[in-house]
Amino acid sequence: MSIGGENTAVERSAADEGGVVDGGRMKTARGVLFLSGVALALGHFALPFPGLFGQEPAAKTAVVTLPAAGSSKPGTIDESANEMHLLQDGLKAYRNENFPAAALSFEASAATHASSMATGHAYAWLTRAYLHLHKVPEAEEAAQKAVDADKGLANAQTAMAEVYFREGKLAEAETLLVSLVKSQNMMARTYLELARIHWATGNYKSARVLIDIAHQDDPKDPDIDKAWLTALTPKERMEEWKRRLAEGKYEDDREKLNLAAGLAVMEDREKNENRPCKLVNKVSTTVAKLEPRMLDPRRMSGYRLIVKVNGVNSYLLLDTGASGILVSTKIAEKAGLKKIADNVFGGIGDKGAAQGYVAYADKLQIGELEFENCYVDVIDKKRTLDEDGLIGTDVFGSYLVDIDFPDAKLKLSQLPAYPDQTGEQPSLQSERTVRSSLHDRWVPPEYKNFETVFRFGHMLLLPVRLNKSPYRLFLLDTGAWDNTLTPAAAREASKIHTDSDIKVKGLNGDVKTVYSTGEILLTFGRFQQRRDDMVAFDLSNMSNDIGTEISGGLGFAMLNLLDIKLDYRDNLVDFEYNPNRFH
């Protein structure tokens, strides 16, 4: 499974009959609809606030005018005039990203203040410190205390929305934030949380406007600053990274190495006339054969795509849960790839990050599509799980990606141009530092029946229901052998028990504790599937990395029954099931 960017193998004992190729029977179910909407007027920009699933705002939705950047916000703290010593200490530590110290100061502040507003502020900021420390239950408790202390405090209400977002309750977060907008009761972090929802729903242009407002209001807030950095153009981001790395702003070795690698790629591209990974032949569509990857003679765990790297054939696992192109050192050496910078790669497992580097390839060929000047990741061959590597479907962001599992084919066709633009030259988005020009999500007429999903980086998340428990966010993950759950999600729907016969290993080694479930009925979109004995293990590292709860993954044993269409540009997916087409 590629949760977090790699292939993960799940192996059962020989006596276990689970996980066969057909993955169980599918049946249709009534879809689930989330409705919400409010129009935001930001200066001269009239921006539709999208519902979580992209519904158009109601025709009579009220228009709310947001305050201009820099204006006073009800309930914010003027630090220069604030005499609350402990709260000041906590805010200073938070801005320096010393979250353990910040939590201690906020805890002490909340315990000493008699003022309901001061107590509300202390608990609101304590909520954020706990979220950074990955103490989600404690964060929820602190947010509730902030609201109880002062229900009208924007800081308290926004902190609760931040908890909802981290818990994967994006509908609840949106509802709370929109109520603050309507009441004109906002602070800089309210804009930030609205922007995060916009970003997850594919409304990047709107998100950038909100992030800019938040950054103008509070540029020293580290969370706002990181969001602002993400929304910059590649050239702007390169200059910021240079400045910050030179100043020694990043202390975490892994983060520092990732940023240095991204910067090295940007500088190499700029030095070589901004060479992009562009299509060089005049082919707009292609169909490529998918090669089965077998666990044993009777069980298939995925499909591989033949990618020619500098003319060398590589069989890369096609993986909706991964990002970019990752090849083994064996392929890199054979293809003569040029090393650009060292890097590390995270994923499933308990042995720590895997070592590798970023490399430059003169040419990549996929089907009939030929691309030049591309960057790929190379990983220590000991960590590739006996694969040549993997290719994340997010690299095809310029195309409609049609994974036709019943016929074992990958079909790529250019996406319809935006209504206000001519068609762009397609590229292979093989590097994480590249972001196209910012647009808000648009549903082409021919995709009107597609489902809208959330996108966090390379991950596509969609709501899934387990038995009668609430809907949770699941990763669409063709690189996973089977559907998986977190222990918390599994316990909501079924009894679970540890299972020593199941072995789960990923890019970062074996998973120590694995569970099995009882019978579970999965519902997603218009489909249902009944399953017994599902696998559950901890996915908290992934959830902590992206900032929202991932409760499981939809894996190959089920997805191989479907024809899946993906539009990464606008966060759209479509599933088609025809039992007569399954071979």
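Values quoted throughout were computed directly from the atomic coordinates according to the rules given, and no laboratory measurement underlies them. Not measured: the values here are computed from a predicted model. Here the Cβ positions follow ideal geometry from the backbone for every residue, glycine too, while neighbour counts run over all protein chains shown.
List the residues whose amide H sits under 5 Å from the amide H of VAL514, counting only those 5 or more places along or on another chain, with H placed 1.01 Å from N in the peptide plane.
Distant-sequence amide H within range of VAL514: ASP499.
Does region 278-435 come out rounded, prolate or oblate, given a ≥ b ≥ c as the square roots of the eigenvalues of its C-alpha gyration tensor, rounded meaning a/c under 1.5 and, failing that, prolate meaning a/b above b/c?
Values: a/c = 1.70, a/b = 1.26, b/c = 1.35.
Taking the square roots of the gyration eigenvalues as a ≥ b ≥ c, region 278-435 is oblate.
Please find the FRET efficiency linking LYS271 to GLN184, where r is the Cβ-Cβ separation and R0 is fixed at 60 Å, and quote it to the nearest 0.05.
Numbers: r = 49 Å, r/R0 = 0.82.
With R0 = 60 Å, the Cβ-Cβ based efficiency is 0.75.
Which of the peptides 116-125, 139-148, 332-341 is most tightly packed, and how do the rest follow, going by the mean number of other Cβ atoms within 10 Å of each residue?
Numbers: 116-125: 24.7, 139-148: 20.9, 332-341: 17.7.
Highest-to-lowest ranking by the protection proxy: 116-125, 139-148, 332-341.
How far apart, in nm, are the 7 Å Cα→Cβ label points at TYR577 and VAL287?
In this crude spin-label approximation the distance works out to 2.5 nm.
Applying the Karplus parametrisation 6.51 cos²θ - 1.76 cosθ + 1.60 with θ = phi - 60° to the phi angles of region 318-323, what ³J(HN,Hα) value in whole Hz is obtained for each residue in order, glycine and proline being reported as x?
Rounded to whole hertz, the list is 7, 9, 6, x, 10, 10.
Quick one: dipole size for region 278-435, taken about the Cα centre, charges +1 on Lys/Arg Cβ and -1 on Asp/Glu Cβ, in debye to the nearest 20.
On the way: 21 positive and 22 negative charges, 77 e Å.
In debye, rounded to 20, region 278-435 gives about 380.
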